[in-house]
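Visitor: Before anything else, here's the structure in question.
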Amino acid sequence: MENIIGKQFMEMTKYKYLEPSLQSQGAPWPELKSPLPEGAEVIDLPAGKSLKLDKLDFINLVEKRETFRSYTDENLTLQELAYLLWGTQGVKSILTEKPVTKRTVPSAGSRHAFETYMLINRVEGLKPGLYRYLALDHQLARLPAPQDIWEVLTEACQKQAHVKKSAVTFFWVAVQQRMTWRYCQRGYRYMYLDAGHVGQNLYLLAEAIGCGVCAIAAYDDDLVNAALSVDGVEQFAIYIATLGKRPK
Ligand SMILES: Cc1cc2nc3c(=O)[nH]c(=O)nc-3n(C[C@H](O)[C@H](O)[C@H](O)COP(=O)(O)O)c2cc1C
């Protein structure tokens, strides 16, 4: 039988099929952040904008951007990681009356449904392991993870070796209710659109600090979600990217 799920998705997420949203039914505004698991260790980050960059020619950065998969062994500094996190998910302000965050990337209805997970391999001052960015507090949380998390996540990304050879591999997890609370099933489209902005910011920010990036969509959803301890329905990995220094 022909699998037409993609066509059905495009059809059934048209406005005419949408049911009344949770928001329109008076459900409370979703939380802006996910709770931390027990045993997480919280680490302060330097300010996202503290990194001093040479004067950059923006159009040149855009032109130079390309996918890069073979990184050097050089470490990233903590300041560079903070800059990358700030530039991809950083919170510029919080409108407390709703509440809503305004960030360095756009998001449909400013719903900002993502949590940023990282497999950190080479960042000065950080033990290698699994981390999450706490965007609202601009902090990191080191998460409990099994010893073989590198092998598990590499295997889950169809054996793409740059996942474990990167300085950092980013995993963006969508918390669907933050988006579907307003946009119902159409919100799934918006989460994928939002993910593209995050990925592109990472590519361009990386270019400015001598790093390369490779976006990854070829991954086993179930294996990645299990490794990140998300259920794959309420929360699921939506986009992945490896990053590391380029040879000089
Ligand atoms: C949504 C998306 C998914 C991708 N998935 C992978 C991937 O799983 N593995 C990989 O090596 N490259 C992946 N890429 C990188 C593309 O292959 C790359 O962007 C493309 O070849 C164009 O090259 P350029 O980025 O250097 O312009 C992906 C890119 C995008 C935008």
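Visitor: List the GluC sites (Glu not before Pro) in the stretch 83-162 that DSSP assigns to loop (not H, G, I, E or B) and whose Cβ has at most 15 other Cβ atoms within 10 Å. Which are they?
Guide: Passing sites in the stretch 83-162 are Glu97, Glu124.
Visitor: Also: Can you bin the stretch 1-62 into rounded, prolate or oblate? Criterion: square roots of the alpha carbon gyration tensor eigenvalues sorted a ≥ b ≥ c, rounded for a/c under 1.5, prolate for a/b above b/c, oblate for the rest.
Guide: oblate
Visitor: Indicate the gyration tensor shape class of the stretch 39-245 (rounded, prolate or oblate), computed on the Cα atoms with a ≥ b ≥ c the square roots of the eigenvalues: a/c under 1.5 is rounded; otherwise a/b larger than b/c is prolate and the rest oblate.
Guide: In terms of gyration-tensor shape, rounded.
Visitor: Same structure, new question: Among the GluC sites (Glu not before Pro) within the stretch 1-85, which fall in a DSSP loop and have no more than 13 other Cβ atoms within 10 Å of their own Cβ?
Guide: Glu2, Glu31, Glu38, Glu66
Visitor: As I understand it, the value is the acute angle between the Cα axis of helix 187-207 and the longest principal axis of the Cα atoms of the chain; what does it come to in degrees, rounded to 10?
Guide: Between the helix axis and the principal axis of the chain, the angle is about 10 degrees.
Visitor: So for the chain, averaging the separation of alpha carbon pairs under 8 Å that are six or more residues apart and normalising by length, what relative contact order in percent results?
Guide: This gives 26 percent for the chain.
Visitor: Another question, if that's okay. By how many degrees, between 0 and 90 and to the nearest 10, does the Cα long axis of helix 78-89 differ from the longest principal axis of the chain?
Guide: Computed tilt is about 20 degrees.
Visitor: Follow-up. Give, rounded to the nearest 20 debye, the magnitude of the charge dipole that the chain has about its Cα centre when Lys and Arg contribute +1 at Cβ and Asp and Glu contribute -1 at Cβ.
Guide: Roughly 800 debye, rounded to the nearest 20.
Visitor: Can you compute 3J(HN,Hα) from phi for each residue in the stretch 209-225, using the Karplus curve 6.51 cos²θ - 1.76 cosθ + 1.60 with θ = phi - 60°, rounded to whole Hz and x for Gly and Pro?
Guide: With coefficients 6.51, -1.76 and 1.60, one gets 10, x, 10, x, 9, 10, 5, 10, 10, 8, 8, 7, 3, 5, 5, 5, 4 Hz.
Visitor: Which residue, Ser107, Gly125, Cys211, has the largest displacement toward the positive end of the dipole of the stretch 39-245 when charges sit on each Cβ (Lys, Arg +1; Asp, Glu -1)?
Guide: Of the candidates, Ser107 comes out farthest on the positive side.
Visitor: With the contact rule set at Cα under 8 Å and sequence spacing of 6 or more, what percent relative contact order holds for the stretch 98-141?
Guide: It comes to 24 percent, rounded to a whole number.
Visitor: May I pose another question? What does the stretch 156-244 give for Rg and for Dmax, in Å, if only its C-alpha atoms count?
Guide: Rg, Dmax (Cα atoms, Å): 13.7, 40.
Visitor: Of Lys64/Lys102; Lys165/Lys245; Lys92/Lys164; Lys49/Lys248; Lys52/Lys245; Lys64/Lys127, which sit over 20 Å apart, Cα to Cα?
Guide: Pairs exceeding the cut-off: Lys64/Lys102; Lys92/Lys164; Lys49/Lys248; Lys64/Lys127.
Every read-out reported here was derived from the displayed coordinates using simple, explicitly stated rules and does not represent laboratory data. What you are looking at is a predicted structure, and each value in this text was computed from that prediction instead of being measured. Glycine also receives a Cβ, built like all others from the backbone with ideal geometry; neighbour counts cover every protein chain displayed.
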